[in-house]
């Protein structure tokens with residue numbers, strides 16, 4: 001008896017393609033004194049702290065975990081800032097080909113509680129070399145990913161959309 005049938009699956013189940021659904025990502029937008037906190041990567045690429053939500057994990061819990069891992073600090077989470085979707089077959093930071101990647105990202109306004117300062121966390125992302133406070137009015141001088149998020153951060157807050165759209169391909 002095969003492993004599939006011993007687990008109660010039928011032979012036809014073994015032939016059914018696995019359905020892949022978009023991954024949910026959570027990101028922290030932490031602003032202080034006109035600057036936003038970004039993870040810094042090799043090649044001077046920057047993006048918001050955060051990552052993937054695990055199955056059974058609440059979004060806020062996922063964001064707090066990701067920030068502990070990447071920036072080594074606790075955060076306070078406030079409201080939803082924006083949402084964007086990424087669909088690509090090219091790695092965002094290295095540019096190398098990858099299997100199709102599809103993620104819906106929820107960006108939350110956050111803050112650091114008193115006494116918490118960001119740095120390189122104990123479990124940083126691959127190629128992450130630190131964190132940086134980037135002046136929002138100078139973001140155009142940095143390689144911030146996705147570029148649409150950089151543009152959104154520099155736009156007039158009274159006219160910022162919540163939905164940034166679907167970002168397809170390299171550089172998003």
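The values are calculated or read from the model by the stated rules, or taken from the named source; none is laboratory data. The shown structure was predicted, so the numbers you read here are calculated from the model rather than taken from an experiment. All Cβ positions, even for glycine, are placed from backbone atoms using ideal geometry, and neighbour counts span all protein chains on display.
General remarks:
- Within the stretch 32-81, strands (runs of 3 or more DSSP E) holding 1 or more residues that are surrounded by fewer than 17 Cβ atoms within 10 Å (Cβ to Cβ) and in contact with a strand residue (DSSP E or B) (Cβ under 9 Å, 6 or more places away or on another chain): 35-41, 50-52
- Selection status of residue 124, buried (at least 18 other Cβ atoms within 10 Å of the Cβ), within 23 Å of residue 59 (Cβ to Cβ) and within 14 Å of the chain's Cα centre (by Cα): yes
- Any hit, the stretch 122-129, residues being on the phi < 0 side of the Ramachandran plot, in contact (Cβ under 8 Å) with a residue 40 or more places away in the chain and out of contact with any strand residue (DSSP E or B) (no Cβ under 9 Å at 6 or more places or on another chain): yes
- Taken together, 100, 167 contain a single residue that is on the phi < 0 side of the Ramachandran plot, assigned to a strand (DSSP E or B), surrounded by fewer than 18 Cβ atoms within 10 Å (Cβ to Cβ) and in contact with a strand residue (DSSP E or B) (Cβ under 7 Å, 6 or more places away or on another chain), which is 100.
- The requirement of being in contact (Cβ under 8 Å) with a residue 60 or more places away in the chain and over 17 Å from residue 164 (Cβ atoms) is fulfilled somewhere in the stretch 71-82, by at least one residue.
- Contact map, the stretch 142-153: first residue on the phi < 0 side of the Ramachandran plot and free of Cβ contacts under 8 Å to residues at least 40 places away in the same chain, second residue outside any helix (DSSP H, G or I) and buried (at least 20 other Cβ atoms within 10 Å of the Cβ), Cβ cut-off under 6 Å, separation 6 or more or different chains; pairs are 150/144.
- Of all residues making up the stretch 82-97, the number that are loosely packed, with under 12 Cβ neighbours inside 10 Å and either under 16 Å from the mean Cα position of the chain (by Cα) or in a strand (DSSP E or B) (or both): 1
- Verdict on residue 45 being out of contact with any helix residue (DSSP H, G or I) (no Cβ under 7 Å at 6 or more places or on another chain) and within 22 Å of residue 155 (Cα to Cα): yes
- Some residue of the stretch 144-158 being in a strand (DSSP E or B), surrounded by fewer than 18 Cβ atoms within 10 Å (Cβ to Cβ) and at pLDDT 95 or above: no
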